[in-house]
Amino acid sequence: TTNKTRLSDYERAVGEMTGALLRVHPSNYVIRGFTEQASLAELIELGQRVDVPVIDDIGSGALADLAPLGLTDEPMARDSLRAGADVVLFSGDKLLGGPQCGIAVGKRKYIERLMKHPLARALRVDKLTLAALHATLKLYRDPAQAMARVPLLALASTSLENLANRAQRLAPQLEACAAIASAEVIEDTACLGGGSVPTQELPTRCIALRPVDGSVNQLAQALRTGQHAVFGRIQQDRLLLDLRTVFPKQDAELIEAVQALSR
């Protein structure tokens, strides 16, 4: 059926022209209810039985375990490789936190075939992308270092206490700006976005701004187009500044950006 793909569906589809078995993780959506899918272990067993490689496209490319942050069910490349997938595909950005690119890892004979494909030269990344990816991957040698220095992971792992303390300190400073009528600390939730963990959220603290003059939309536009661009989201006629998206070292720039609105 439309939302159910069993192992038997793969078995019926395999033929002399089958080049690979492909499993694709639904990175940015979730299907619930009347649904079923073949497990990776089942596909690997079938691939070995019919001598066809198994390709596992895990999407967002998580290399660090995000379960301690409360983000679960996101596949990891190492788990797919250990399970026996022949090739694992994932993104270099998103949860990995590096440059935008596609990554293929797996058994040497299949990776070499990919590298020899006529399109490989046209699709290969440039040296700047490789340099950025290399610098990012080096951080993952030490998981603690990766969690502290990869920007996405650092923001996602910021403690709620840290966010709350900063919000309480920043709110009165923002409210003192001439263009702001009120700045209120509110509890909210944040999504990682970027085509990953679509239904899971992290607790956060936001500062809700109301302008002295003009609309909230005008306030949002003015902050977006300022010298220090600030992006917020509009909710209930207020502009929310989510501190989970702001590094502590950027707090002063945030205040300067709002102060600049009245100059």
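The C-alpha atoms of the chain define a longest principal axis, and helix 160-175 lies at about 40 degrees to it. If only the Cβ of Lys and Arg carry +1 and only the Cβ of Asp and Glu carry -1, the dipole of the chain around its Cα centre is close to 800 debye. Taking the longest Cα principal axis of the chain as reference, the axis of helix 127-139 is set at about 80 degrees. A prolate overall shape is assigned to region 195-243, the ratio a/c of its alpha-carbon gyration tensor axes (a ≥ b ≥ c) being 1.5 or greater and a/b exceeding b/c. Loop-located trypsin sites (Lys or Arg not before Pro) across region 141-221 with a Cβ neighbour count of 10 or fewer within 10 Å are 141, with loop assigned by DSSP. Taking the longest Cα principal axis of the chain as reference, the axis of helix 40-50 is set at about 30 degrees.
Longest stretch of the chain clear of exposed loop sites (chymotrypsin sites (Phe, Trp or Tyr not before Pro), DSSP loop, at most 16 other Cβ atoms within 10 Å, sites excluded): 35-230.
Between beta-carbons, use under 13 Å as the cut-off and find the net charge around residue 67, counting Lys and Arg +1, Asp and Glu -1. Working shown, then result.
Working: positive: none; negative: 65, 73, 74, 79.
Computed value for this residue: -4.
Name the GluC sites (Glu not before Pro) in region 184-225 that are in a loop by DSSP and that have at most 15 other C-beta atoms within 10 Å, would you? If you can, show how the numbers build up before the last one.
Working: sites: 184, 187, 201; in loops: 201.
Here the sparse-neighbourhood loop sites are 201.
A cut-off under 9 angstrom between Cβ atoms defines the neighbours of residue 228, and their net charge, with Lys, Arg +1 and Asp, Glu -1, is -2.
When the alpha carbon coordinates of region 160-262 are projected onto the principal axes, the ranges are 39, 25, 25 Å, largest first.
Excluding residue 182 itself, calculate the net charge of residues whose Cβ lies under 14 Å from the Cβ of residue 182, where each Lys or Arg counts +1 and each Asp or Glu counts -1.
-2
By the count of other C-beta atoms within 10 Å, a proxy for reagent exposure, 206, 191, 177 are ordered fewest to most as 191, 177, 206. Give the share of C-alpha pairs in each 5 angstrom bin for the chain, from 0 to the last occupied bin, in whole percents, shortest bins first. Using 5 Å bins, I get a P(r) of 1, 5, 11, 13, 13, 13, 11, 10, 8, 6, 5, 3, 1, 1, 0 for the chain. Projecting the Cα atoms of 60, 99, 50 onto the dipole axis of region 26-139, where Lys and Arg carry +1 and Asp and Glu carry -1 at the beta carbon, places 99 farthest toward the positive end. Loop-located GluC sites (Glu not before Pro) in region 1-55 (DSSP state other than H, G, I, E, B) with a sparse environment of at most 15 neighbouring Cβ atoms within 10 Å: 16. Derived scalar couplings between HN and Hα for region 198-209 equal x, 9, 9, 10, 10, x, 8, 10, 10, 10, 8, 9 Hz in order, rounded to whole Hz, by the Karplus curve 6.51 cos²θ - 1.76 cosθ + 1.60 (θ = phi - 60°), x for Gly and Pro.
Each value in this text was obtained by applying a stated rule to the coordinates, not by laboratory testing. Everything numeric in this text was worked out from a predicted model, so none of it was measured. Neighbour counts are summed over all protein chains in view; Cβ atoms, including those assigned to glycine, are modelled from backbone coordinates with ideal geometry.
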